[in-house]
Amino acid sequence: MSAKIIDGEAVATRIREEIKAAVEEMNATHGMRPGLATVIVGDDPASAQYVRMKRNRSKKVGIESFGHELPAQSTQEEVEGLVRRLGDDPKVHGILVQLPLPDHLDEEAVLNTIPLSKDVDGFHPVNIGRLAMKGRKPLFIPCTPAGVITLLEEAGAEFDGAEAVVLGRSNIVGMPAAMLLIHRNATVTVCHSRTKDLPGVCRKADILVAAVGRAKMVKADWVKPGAFVIDVGSNRIDDPSTDKGYRWVGDVDFEEVKEVAGAISPSPGGVGPMTIAGLLLNTLRAAQMTLKS
Ligand code: NDP
């Protein structure tokens, strides 16, 4: 039987429409719009493309976008100085520093400079620390893992007591996704490059989240029949049959796995659109919080 396809683009479109309506209401009632500042250091084309998309999407829902581009050779003081100024700017409600930063910069120190109330990416150590603790709530949840959970909810996954397996333990996807699943009372196994018998571990999963960055690694015989599979991976592979000579695929072999899984999010078209929608939602929340304080 073929799996239910979880359409991330459709869910993200609905969320963006809700954000747009809330932004218009904020503007009508309080004469203000949420503001998102993006900071990019250097000229990595992939980072530039991600930031462009974030700025465009912000504008489309009525969020004010403040773009800052710093040269690759910027010093730690220059980057932190800019982030501090944005932290003090009342028009800026959210600050996004596009990662990765050039190697000579101390990423943790830069992220520490973002005020907690403007940490719309959710990577501030205090936000991550709260996420890791029982009974504590972060102000903002990292956008990609939040998208994973929303897609699982949309697909009707039961979290309570479910066996969940997360492939990958990165700070931005794997670990926070695992923590969010634990908060929802799933029993979570986190796998990484040293995990033994990955297929065997994955086969136990009622919920399988793949975030490894390995094209089509998860095969049909890794998946428990009826499982919920969320593919975070985004990998460029050569494909001479396309105009560009390449295409994007996930970490899951979609064609195979959709015949076994109960529900599956494709990549592209699954978690990707949810990540930006999550950023816009966090920016709206950050602006709403200033109205309450
Ligand atoms: P990282 O490279 O930071 O982490 C990859 C993780 O996968 C690591 O924990 C690594 O293990 C593990 N891993 C790598 N190879 C294997 C393997 N062969 N077997 C088992 N585990 C393995 O990647 P990210 O978390 O940043 O990203 C993961 C994927 O998600 C990428 O394809 C990325 O492009 C995509 N992505 C998509 C986003 C979206 O918005 N859709 C946002 C962010 C990422 P170890 O820790 O031992 O090295």
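The values are calculated or read from the model by the stated rules, or taken from the named source; none is laboratory data. These numbers come from a predicted model, not from an experiment. Backbone-built Cβ (ideal geometry, glycine too); neighbour counts: all protein chains shown. For the accessible areas, the whole protein counts, side chains as well, though only heavy atoms, and no ligand, DNA or RNA atoms are used. Shrake-Rupley method; radii C 1.70, N 1.55, O 1.52, S 1.80 Å.
Before moving on, here are some points about what is shown:
- Summed over region 158-176, residues that are surrounded by 23 or more Cβ atoms within 10 Å (Cβ to Cβ) and more than 9 Å from the ligand (Cβ to nearest atom) total 4.
- Output for region 56-82, where each listed residue is of a type in the set (Ser, Thr, Tyr) and in contact (Cβ under 8 Å) with a residue 40 or more places away in the chain: 58
- Scope region 27-86; condition β-branched (Val, Ile, Thr) and assigned to a helix (DSSP H, G or I); matching residues: 29, 51, 79, 83
- Options 233, 269, 226, 200: the member that is surrounded by 14 or more Cβ atoms within 10 Å (Cβ to Cβ), more than 9 Å from the ligand (Cβ to nearest atom) and either in a strand (DSSP E or B) or not basic (Lys, Arg) (or both): 269
- Whichever residue in region 247-266 is of a type in the set (Asp, Glu) and within 16 Å of the ligand (Cβ to nearest atom) and, among such residues, is most open to solvent (accessible area, probe 1.4 Å): 253
- Scan of region 102-143 for residues that are open to solvent by 30 Å² or more (accessible area, probe 1.4 Å) and within 19 Å of residue 288 (Cα to Cα), ordered by number: 115, 116, 117, 137, 139, 141
- Residue in region 129-136 that is within 16 Å of the ligand (Cβ to nearest atom) and either of a type in the set (Gly, Ala, Ser) or modelled with pLDDT under 95 (or both) present: no
- Tally of residues being in a loop (DSSP other than H, G, I, E, B), open to solvent by 30 Å² or more (accessible area, probe 1.4 Å), more than 10 Å from the ligand (Cβ to nearest atom) and not basic (Lys, Arg) across region 203-223: 1
- Residue check for residue 35: open to solvent by less than 20 Å² (accessible area, probe 1.4 Å), under 30 Å from residue 226 (Cα atoms) and touching a strand residue (DSSP E or B) at 6+ places or on another chain (Cβ under 8 Å): no
- The C-beta contact set for region 197-223 (first residue closer than 20 Å to residue 172 by Cβ, second residue surrounded by fewer than 19 Cβ atoms within 10 Å (Cβ to Cβ) and of a type outside the set (S, T, N, Q), distance under 6 angstrom, 6+ apart or interchain) comprises 215/237.
- Residue tally, condition open to solvent by 30 Å² or more (accessible area, probe 1.4 Å), of a type in the set (Val, Ile, Thr) and within 13 Å of the ligand (Cβ to nearest atom), over region 272-293: 1
- Selection over region 101-127 of residues that are without any contact (Cβ under 8 Å) to a residue 40 or more places away in the chain and out of contact with any Phe, Trp or Tyr (no Cβ under 7 Å at 6 or more places or on another chain) gives a count of 15.
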